[in-house]
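Have a look at the structure below before the remarks.
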Amino acid sequence: MWDGREGILWFVDVTPGALYRLEAASGEVERRLVGLPMGAAIPGRQGGLFLALENGVHTYSWGDDTTSLLVPVEAHDTRVRMNDAKCDPLGRLWAGTMAYDFSPGASTLYRFDLTGPTPVETGCTIANGMGWSPDTAIMYFVDSATSRIDIFDYDVETGAATDRRTWVTIEDGAGSPDGLTVDSEGCVWVALWGGGAVRRYSPDGLLMEVVELPVRQVASACFGGPSLSDLYVTTAAYQMTKRDLEREPLAGATFVVATDVVGSPSVTLDQGLVSTTT
């Protein structure tokens, strides 16, 4: 996630629970371990960070030794962890879970508000990328196992997501859809895990552009930089063998790609919309 207030890119290494902070102007990168597997990191509107960790949403301040559990999510089930998370245009938090063994049906998409986490879509396999159209009327959602990007009708005032339906299907052999971001023209950029690319689709679902990467496991993407035209792309080296890494020495790197489009700014989390009851 890009925090335009400070010119900082936040990104995570899921399995070891590593949080990274890139100061774009200087290129300086710092790393902190937080102790639990981590699916996402989101800056708070009033300061601090909100981390989607294994057992729920935690608060964290950069440089601290520990996190603080704010909202437990399936904390009783150690087979499941939190995965991708993002805020809607008002700063309302959404997040998905997934099973460590990718069990079908074990994943849930949650919306967070003052009543706590509300399951919106159950029975998923890997609840993953999310995004919203510039007019806030559409929410995009990926369950990676389906090879689809789905859409909901979205009411930004209430957070209601209704009438889920298929928007784009990724063809066999092209990889699985993972994280995504929406640009200022309403086009969707989706990372293709196993496909070595990020694709850009028009609001009508037409393929417009393909950004190829020198690695297969492409995980997520967001826009950043002073003009929001730099596309940051995270990748992984998950379960890769020594031979795999010899073929893909940059696996797990975070890339930046200059584009000729303007992204939509990342949205910080409004803590006033999230329950603090634990």
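FYI, it's all coordinate maths here, none of it is from the lab. Fair warning: this is a prediction, and the values are worked out from it, not measured in the lab. Virtual Cβ from ideal backbone geometry, glycine too; neighbours counted across all protein chains shown.
Structure values in brief
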quantity: Dimensions (Å) - the range 79-273, Cα atoms, principal axes, largest first; calculated: 49, 41, 31
quantity: Leading residue at positive end of dipole, the range 79-273 (Cβ point charges), from ALA253, THR122, VAL233; calculated: ALA253
quantity: Residue (of VAL274, TRP189, PHE152) at the positive-pole extreme of the chain, dipole from beta-carbon charges; calculated: VAL274
quantity: Global size of the range 164-278 as Cα Rg and Dmax, reported in angstrom; calculated: 15.9, 49
quantity: Size of electric dipole in the range 79-273: Cβ of Lys, Arg +1 and of Asp, Glu -1, about Cα centre, debye, nearest 20; calculated: 680 debye
quantity: Dimensionless Rg/Rh of the range 1-152 - Kirkwood Rh, Rg from C-alpha atoms; calculated: 0.96
quantity: Least to most buried among HIS76, HIS58 (fewest other Cβ within 10 Å first); calculated: HIS76, HIS58
quantity: Kirkwood-based Rg to Rh ratio, the range 77-125, C-alpha trace; calculated: 1.00
quantity: For the chain, built as a Gaussian network whose Cα springs stay under 10 Å, the top-fluctuating residue of ARG92, ARG111, ARG45; calculated: ARG45
quantity: Candidates GLU212, GLU185, GLU28: whichever shows maximal mean-square fluctuation once the chain is modelled as a Gaussian network with Cα springs under 10 Å; calculated: GLU28
quantity: Helix-only CD estimate at 222 nm, as mean residue ellipticity for the chain, using -39500 (n - 2.57) per DSSP H run (n ≥ 4); calculated: -500 deg cm²/dmol
quantity: Cα convex hull of the range 1-84, projected area averaged across orientations, nm²; calculated: 5.3 nm²
quantity: Fluctuation leader among ALA99, ALA41, ALA127 - the chain, Gaussian network, Cα springs under 10 angstrom; calculated: ALA99
